[in-house]
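Heads up, the thing below is written out as C-alpha cells.
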Amino acid sequence: MVVDAGNGHIGGDLSATDILATLYFGVLRVDPARPDDPERDRFILSKGHCAGALYTTLAHRGFIPLDELRTFMAPLSRLNGHPDRNKVPGVEANTGPLGHGLPIAVGMATAAKLDSASWRTFVLTGDGELQEGSNWEAAMAAAHLGLANLTVIVDRNRLQQGDRTEKTIALEPLADRWRTFGWGVVEVDGHDVEALAQVLGSLPARAGRPTCVIASTNKGRGVSFIEDRVEWHHRVPTDEELEAALVELEGEE
C-alpha cells in the first residue's frame, strides 16, 4: 500500500499492527454489518498518520473491501493519509494533528458513563505524541471523572519523527507518570498477542479508574532493515526493499 501510494508511515504502521489485530479480533465489541450500532465499543487511532495499519485491520475485519486497500491515498479515494469518520466505516474520529485522540476519547467515555451505557472506549497513542500537553489535561480529567470505561494504549516504540523520544522530550518514568495522574497502569509486550489479549480482556486495571496500557513495541516490527530506525518514520521502501521486506514478513527462504 505504501509503496504503491508513494507515501505513508510504514515504521509506525508495523509497530501498531499487533495491537490493532488484537483489539479488532479479540477485544472490541463491534459488528462490521452494523458499524453505527449505538452499543458498539469505540476505538480511536490518535496516531492518525498510521492509517494504513488501521485500514488494513478494518478490511480484514470486514468493514471495507480488501480490494479497496489498493486505492490507499489515491485521488478521490476515501482511504486518506489520515482516517476520516465521514468516509470510512469503523472510524470513530478524524485524527492527524497529534494529541487530539485522547481528549476525544474522554468525551466519548464521559457520554457513556452519563448514559449508564456498557460500551467502552479505547484509544491508541504514539509515545512521542504524549509530548502534547492536551493528553495530560485529558488524563487528569479522565481520572477525576472516574472513567473506568476508558483505556489508552501507548505504542511505546521509543522513536518519533526525527529522533528518539528520550532525546526529544524524555517520557520516563512513563508508567509512574500515569499512576500519578490517577490511572491504573499495565506494561506489556506490544507484540505478544496472547499477553495483549489477556491485559485488554481484564479491564479496568484499577477499579473505578481509567487504564493505561504501555505496550513496548519495535518501530518497523518484522523487517530487519526498518526496525528501530528513525529514518523509517516517513520513508517509502523502494521496489527492491519491498521485495526483501515481504520475504522476511512472510517467512520465505
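Candidates are the residues of region 107-132 that are over 20 Å from the mean Cα position of the chain (by Cα) and free of Cβ contacts under 8 Å to residues at least 24 places away in the same chain; the one that is surrounded by the fewest Cβ atoms within 10 Å (Cβ to Cβ) is SER116. Give the residue that is surrounded by the fewest Cβ atoms within 10 Å (Cβ to Cβ), with candidates limited to residues of region 176-195 that are among the small types (Gly, Ala, Ser) and under 20 Å from VAL106 (Cβ atoms). Result: GLY182. The number of residues in region 227-253 being in a loop (DSSP other than H, G, I, E, B), open to solvent by 70 Å² or more (accessible area, probe 1.4 Å), under 30 Å from ALA197 (Cα atoms) and at pLDDT below 95 comes to 2.
Here CYS50 meets each of (1) farther than 16 Å from THR211 by Cα; (2) assigned to a loop (DSSP other than H, G, I, E, B); (3) of a type outside the set (S, T, N, Q) with one exception, condition (2).
Just one of the listed residues (ASN86, ASN94) is of a type in the set (S, T, N, Q) and open to solvent by 80 Å² or more (accessible area, probe 1.4 Å), and it is ASN86. Scanning region 196-226 for residues that are open to solvent by 60 Å² or more (accessible area, probe 1.4 Å) and farther than 23 Å from VAL186 by Cβ gives a single hit, SER224. Given the criteria under 18 Å from the mean Cα position of the chain (by Cα) and over 25 Å from LEU200 (Cβ atoms), does ASP67 qualify? No. What about GLU39, is it under 29 Å from ALA141 (Cα atoms), among the acidic types (Asp, Glu) and touching a helix residue (DSSP H, G or I) at 6+ places or on another chain (Cβ under 8 Å)? Against the criterion (under 29 Å from ALA141 (Cα atoms), among the acidic types (Asp, Glu) and touching a helix residue (DSSP H, G or I) at 6+ places or on another chain (Cβ under 8 Å)), GLU39 does not qualify.
Within region 25-45, being touching a residue at least 40 places away in the same chain (Cβ under 8 Å), among the aromatic types (Phe, Trp, Tyr) and either surrounded by fewer than 22 Cβ atoms within 10 Å (Cβ to Cβ) or out of contact with any strand residue (DSSP E or B) (no Cβ under 8 Å at 6 or more places or on another chain) (or both) holds for no residue. Considering GLY48, GLY62, GLY6, the condition of being of a type outside the set (Ser, Thr, Tyr), touching a residue at least 24 places away in the same chain (Cβ under 8 Å) and open to solvent by less than 30 Å² (accessible area, probe 1.4 Å) is satisfied by GLY48 alone.
The values are calculated or read from the model by the stated rules, or taken from the named source; none is laboratory data. All values reported here derive from a predicted model rather than from experimental measurement. A quick note on method: Cβ atoms are made from the backbone with ideal geometry, for glycine too, and the neighbour counts reach across all protein chains shown. Accessible surface is based on the protein model in full, side chains and every heavy atom, while ligands, DNA and RNA are left aside. Shrake-Rupley method; radii C 1.70, N 1.55, O 1.52, S 1.80 Å.
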